Amino acid sequence: MKPYVLSILCSLLSLSSFSQSMLGIEGGIGSTSFKRLGRSTSNLPNVSASSHIRTRFAVSYYKRDSFHRHRYFGARLFVEEYSFLYELRTGGHGGNEYIDHNSTFLCLAPVFGLGLGGQQVLHVNFFFAGGVRLQADQVTRKNYLSGSSAPSSTQDVEQYIFRPGISFSQHMAIHNNWDIVISEGASVMIGNLTKYMGSGVHPGSVYLTAGLTRVFKRLPVPPRTERKPFKSRI
């Protein structure tokens, strides 16, 4: 049994010796985004939303595919915050009513990435994140002629969220094993983040981060192949 285990370990080590892995940490800002549902008519309600910019932190690990130098597989652990005012206007209200939402989620996402070009300065990453709620604070603010109130509606905030997305990152080498990485990303939500007036609220998310990445076993850039001059056979 031991020789089989030893041979498997040696095989895995030999594969990793020909691949490049990266461990990075990033910080930046993010904001929620909403899609307008339609004009304010009796059949098509209109969304009025105001998002607040919040901080964002992430730790990621990527490993290059041993069989293809432009493919990467990895995982990303990040903290995402949501902060916005949201109102669904249908024309049938007797006053102003909206939700004031603030929440924080811890998310984990498997990632598939592609390095572009010979030096792979640009990367495109596709991910599917699942998040668990760390904290939430939501109130429904109601302003009427007779007065105002702000009852808590935190119970409407979901405990778990799921969101696929895409990101673009630029790598700038500052050392043999260190890169500065700037990333821009966006994602959509599957399911709801919370509810308002019985309808689900599922905002998108955009972010901009910058950080440092430790590159292990950086692979050499393949030399460019020069095109041979065209020679006419005529």
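Points to keep in mind about this one:
- Accessible area (Å², per residue) of segment 155-213, counting only protein heavy atoms and a probe of 1.4 Å: 49
- Charge tally in the Cβ shell below 10 Å around S83, where Lys, Arg are +1 and Asp, Glu are -1, S83 excluded: -2
- Taking only Cα atoms of segment 120-181, radius of gyration then Dmax in Å: 21.4, 68
- Cβ-defined net charge surrounding I25, 13 Å radius [Lys, Arg +1; Asp, Glu -1]: +1
- Extension gain, N192 back to I174 (0.36 nm per residue minus Cα-Cα distance, nm): 2.3 nm
- Coarse-grained scattering of segment 57-192 at q = 0.20 Å⁻¹, given as base-10 log I(q)/I(0) from a Debye sum over alpha-carbon atoms: -1.15
- For L114, neighbours were defined as the other residues whose beta-carbon sits under 13 Å from its Cβ, and their charges (Lys and Arg +1, Asp and Glu -1) total +2.
- Rounded to the nearest 10 Å², the accessible area of R71 at probe 1.4 Å: 80
The values are calculated or read from the model by the stated rules, or taken from the named source; none is laboratory data. Just so it is clear, the structure is predicted and the values come from calculations on it, not from any experiment. Every residue, glycine as well, gets a Cβ built from its backbone with ideal geometry; the counts of neighbours run over all protein chains shown. Areas reflect the complete protein model, heavy atoms only, side chains present, ligands, DNA and RNA absent. Shrake-Rupley method; radii C 1.70, N 1.55, O 1.52, S 1.80 Å.
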